[in-house]
Amino acid sequence: MDFLRPDSKFMTWLGLLANLMILNFITLFTCIPIITAGASLTAMHYVLQKIVREEDNDLIGQFFHSFKMNFKQATIIWVILVFVFAVLFVDWRILRMQGDEFPGFFIILMYGAIAIVYLISLYVFPVLARYKNTIGGTFKTSFALAVYGITMFRTFICGLVNLVPMAVLYIFGYPVIPVFLAFCFTGPGFVRARIYRTLFSSYEQAGQVETAETEEKNEERDS
């Protein structure tokens with residue numbers, strides 16, 4: 001039974017699924033107050049990026065390290081995103097009810113804005129988890145990653161992957177709720193982390209950004 005060996009691919013994937021499930025439950029639990037959701041998602045992406053780079057020791061400790069380190073910025077970013085999405089939702093409802101009264105270009109502009117904000121939201125918490133930056137700088141970097149030509153295909157795939165859990169829940173209903181609760185955040189998050197891993201690496205190799213980990217090491221050295 002070689003597949004039961006600790007270093008076998010089967011056991012490796014089993015361990016990965018267990019880590020993703022644990023991380024998902026932690027993320028769900030820390031999102032419950034709603035206002036902490038931004039910090040929770042940032043911490044989740046921080047851990048997922050470490051898992052993808054095979055640096056996944058002390059999963060829980062790493063999660064709460066990032067949660068604490070990025071809490072202020074992540075919460076402000078979360079509030080901004082919720083506000084923007086709320087405004088767009090209200091505008092969308094108005095369009096649905098009174099669409100005939102608006103010119104066609106306005107409707108196209110409206111849906112374009114929704115798409116852009118959604119795509120930016122795919123990157124903003126992973127970017128915050130990985131890099132030291134201002135809130136404005138984090139949004140700017142996320143916007144560049146979302147709409148830059150070379151990354152558009154990856155962004156499109158990430159956007160679809162992010163919707164898979166909700167689509168599966170909608171199609172199959174109650175029977176898949178246990179699986180949904182186990183992997184609704186970390187499942188698509190892990191796939192996305194693998195997709196943008198090389199993109200982040202190219203940014204760092206070009207010296208365009210400094211990772212949070214690098215800055216932490218510098219602070220430790222200077223202290």
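Some observations on this one:
- Comparison of Val117, Val87 shows that the only residue that is at pLDDT 90 or above and more than 30 Å from Leu23 (Cα to Cα) is Val87.
- Screening Ile34 against (1) of a type in the set (A, V, I, L, M, F, W, C); (2) crowded, with 20+ Cβ neighbours inside 10 Å; (3) part of a loop (DSSP other than H, G, I, E, B) leaves a single unmet condition, (2).
- Taken over region 132-160, the residue count meeting the criterion of being modelled with pLDDT of 90 or more, farther than 18 Å from Gly189 by Cβ and of a type in the set (A, V, I, L, M) is 1.
- Tyr123 part of a helix (DSSP H, G or I), of a type in the set (Phe, Trp, Tyr) and touching a Leu at 6+ places or on another chain (Cβ under 6 Å): yes
- Of all the listed residues (Arg96, Arg53), the sole one being at pLDDT below 95 and more than 30 Å from Gly15 (Cβ to Cβ) is Arg96.
- Leu199 vs. criteria farther than 21 Å from Leu28 by Cα and surrounded by 18 or more Cβ atoms within 10 Å (Cβ to Cβ): no
Matching residues to (1) out of contact with any Pro (no Cβ under 7 Å at 6 or more places or on another chain); (2) touching a residue at least 24 places away in the same chain (Cβ under 8 Å); (3) farther than 19 Å from Ser40 by Cα; (4) among the hydroxyl-bearing types (Ser, Thr, Tyr):
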site: Gly104; (1), (2), (3), (4): yes, no, yes, no
site: Leu109; (1), (2), (3), (4): yes, no, yes, no
site: Phe125; (1), (2), (3), (4): yes, yes, no, no
site: Asn133; (1), (2), (3), (4): yes, yes, no, no
site: Ala146; (1), (2), (3), (4): yes, yes, yes, no
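- Selected residue (criterion: surrounded by the fewest Cβ atoms within 10 Å (Cβ to Cβ)) from residues of region 73-102 that are without any contact (Cβ under 8 Å) to a residue 12 or more places away in the chain and charged (D, E, K, R): Asp100
The values are calculated or read from the model by the stated rules, or taken from the named source; none is laboratory data. Everything quoted here is computed from the prediction, not taken from an experiment. Neighbour counts run over all protein chains shown; Cβ positions are idealised from the backbone, glycine included.
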